[in-house]
Structures are given as structure tokens and as C-alpha cells.
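A quick write-up on the structure given underneath.
The values are calculated or read from the model by the stated rules, or taken from the named source; none is laboratory data. These figures come from a predicted structure and were not determined experimentally. Here the Cβ positions follow ideal geometry from the backbone for every residue, glycine too, while neighbour counts run over all protein chains shown.
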Amino acid sequence: MSRLSSSSYTFPLWTLILCSAFLIAPVQGEVVVIGSNLPIIASPGDDVILPCHLEPMFDVQGLTVEWSKPDLKPDPSDRLSRVEYVHLYRDRKEVPDMKMASYFRRTELFMDDMKHGNISLKILNVSEEDNGRYRCFIPKLRSRVKAAVVELVVDSNFAKTSTTETPLQTPDPQDTTPTNAGRSSVAVVLLIAFISAVAVAGLIVYFCCHHQNRTKHPEDDETETEPLPV
């Protein structure tokens, strides 16, 4: 009786897990919102970029884009309270009226690059008060993955680099310097050179071994050249 009851509960549980995974997983070719799995680390006073984009590329200029801090909750004692946005883009422009006062004139989107699906948020002059998780969300996107979360860590002990951006930040979308392309080309050239060197070394070893075998057994060649007896 116990075996029957346990199996009857196990089947619905696995069925629920499989169905949930199927519903959450994005369909192939579906546009999804992608953030960063790694935290963005910066020093106080730095300008940072919270990376977020759509994949495959999708024009979001006509959609609403919301950047908020999901860990901030409205005051339960105040029914009229609301969670304000870090940055709100609607009707092809920023909406500052619903923006948190501490981020006023400190945030911006890359407006010209939104047609390529880039909804990364730039925050100017960060401080330790800006620490936390940030959520980029496109409410009217026809997708099951409409949001992504990016974590920002502002640490006064973090050593500033000589560049204006921190190592974990995404590059400026308007910067067209082909750094990655140059590195890829060098890697391809080195790979081709390595394969060629291995191939040449293999041929040299093969001919050396073949020549050595022939010198060790010269009688084999003489036997082959002797005429057949009549």
C-alpha cells in the first residue's frame, strides 16, 4: 500500500517539474532579455554600465523599458506608495516623473543603439548607496523572458584602473574600435601556424623513419630487383 501511494505522488511531481521547465525555457528563435551573470564592480565616483540586451537583435525604440531595484518594496502602511524607477523609458523618451530622486540626472540609455536591442543602463558618479540588484524589464515584449537582473557592487577598496570603465563592464556601444576582432584574427593566425607546424613535423618524422627502415634492410631492395629464374 505504501509503494502505491508513493508512486502516485511521484508521477505528478515529476510531471509538474517537466511542465514548468518547458514553460520557462525560451523557444528557439524567441527574443529574450539577457543581463550579466557576473556582478559589475566599481569604485565610488565611477561611471558604470549595467549590461542588458535582447537576443536575437530586436528594435525596442517603440517599447517601454523599465529599470528598477527589485529589492525595494513599497511601504505597506501607505496604500498610495509605489516603487519608483531607477530609469523609465516610455513613448520614445525618458519619464523623469516616476524616477527615484537619488538617480535624477544620473542615468541614461544608449538611445541610438536601442534599435539594435541594447537597453544597457549607464549610471554616473556611483556611490555605495547604489549597491544592489537592478532589473531591466520590457513589459510589452512578446516573450516569456522579459526581464533580467544585474548586480552592482560599489566598493571603496576596489582599486581604480587607468581606464574609465571597470573590467567587468560592457564597452560603450558607440565605441567601434575593433579590439575583439583584432584579437580573434591573431588567435586564428596562431592556430593555423600551430597546425601547420604539427603537420610538417609529422611528415619529417614519417620520412625519417621510412628512410631508416630502408637503410636497415637493404637486402629487401636487392631481392626485389633480382630477375626471376627461367
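Among the residues of the range 159-166, is any among the small types (Gly, Ala, Ser) and modelled with pLDDT under 95?
The answer is yes; a qualifying residue exists.
Could you list, in sequence order, all residues of the range 99-121 that are surrounded by 14 or more Cβ atoms within 10 Å (Cβ to Cβ), of a type in the set (A, V, I, L, M, F, W, C) and not in a loop (DSSP other than H, G, I, E, B)?
If the condition is that a residue be surrounded by 14 or more Cβ atoms within 10 Å (Cβ to Cβ), of a type in the set (A, V, I, L, M, F, W, C) and not in a loop (DSSP other than H, G, I, E, B), then Leu109, Met114, Leu121 are the ones that fit.
Please state which of the following conditions Pro51 fails to meet, knowing it meets all the rest: (1) of a type outside the set (A, V, I, L, M, F, W, C); (2) modelled with pLDDT under 95; (3) crowded, with 19+ Cβ neighbours inside 10 Å.
(2)
Kindly evaluate Val86 against the criterion of being touching a helix residue (DSSP H, G or I) at 6+ places or on another chain (Cβ under 7 Å), among the β-branched types (Val, Ile, Thr) and within 23 Å of Pro39 (Cα to Cα).
yes
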